[in-house]
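Engineer: Just passing along the structure, written as structure tokens.
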Amino acid sequence: KPVRDSSGSFPAQLLAVTDDKDLTVYPLQPKQWVEIDLGRDRFLGELELRGDVPSALLVSVYGTSEKIDESRAWIAEADMQTRRAFYPDAEAGVTVFRPRPMGGRYVRILNASDKVAELKGVRVFATKRGN
């Protein structure tokens, strides 16, 4: 899947985001974003982040015929420590979000914290269309 980020990294550097290998790491800098192009519009139901997830993040989604300023907030986490206290992850180093399903092609993850996040992978799962 094509990936780009706010700092204009080379494609080889961005490979760690979607290569499904825990040995490669993508450093997501504070207040920076990384965006995944899913290839076509889908109805999104789950987001899986591997590695050191930002302590605060915002995930937005927009479709093929939309611009980024038309994106919609899909996931907003102001404090991951509180989230982990209520929703412990089944596997160490893996954080799973199952927000309300939303349609879109592009998924943008913003590191809203003041620390570097070391992402080892991002996976987005489609769901059946519905409410």
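The values are calculated or read from the model by the stated rules, or taken from the named source; none is laboratory data. Model, not experiment: these values are computed from the prediction. Virtual Cβ from ideal backbone geometry, glycine too; neighbours counted across all protein chains shown.
Engineer: Is there a residue being of a type outside the set (Gly, Ala, Ser), at pLDDT 95 or above, under 14 Å from VAL116 (Cα atoms) and out of contact with any helix residue (DSSP H, G or I) (no Cβ under 7 Å at 6 or more places or on another chain) anywhere in segment 35-50?
Structural biologist: No.
Engineer: Next question. On the basis of being small (Gly, Ala, Ser), within 20 Å of TYR106 (Cα to Cα) and at pLDDT 95 or above, does SER60 make the cut? Spell out the reasoning first.
Structural biologist: Numbers: small (Gly, Ala, Ser): yes; within 20 Å of TYR106 (Cα to Cα): yes; at pLDDT 95 or above: yes.
The answer is yes for SER60.
Engineer: Take residues that are crowded, with 16+ Cβ neighbours inside 10 Å and of a type in the set (Val, Ile, Thr) and tell me which of the strands (runs of 3 or more DSSP E) falling wholly in segment 12-62 contain 1 or more. So that I can check it myself, show each step before the final result.
Structural biologist: Working: elements: 26-28, 33-52, 57-62.
It comes to 33-52, 57-62.
Engineer: Cβ-Cβ distance below 8 Å, separation of 6 or more or different chains: which pairs start in segment 1-20 with a residue that is over 10 Å from VAL34 (Cα atoms) and end on one that is among the polar types (S, T, N, Q)?
Structural biologist: Within 8 Å, the pairs are LYS1/THR18; LEU15/THR24; ALA16/THR24.
Engineer: Cβ contacts < 7 Å: first residue within 15 Å of ARG98 (Cβ to Cβ) and free of Cβ contacts under 8 Å to residues at least 60 places away in the same chain, restricted to segment 59-84; second residue part of a strand (DSSP E or B) and of a type in the set (Gly, Ala, Ser), any location; separation 6+ or different chain. Result?
Structural biologist: VAL61/GLY104; TRP74/SER60
Engineer: So VAL53 fits all but one of (1) aliphatic (A, V, I, L, M); (2) farther than 18 Å from PRO99 by Cβ; (3) modelled with pLDDT under 95; what number is the exception?
Structural biologist: Unmet condition: (2).
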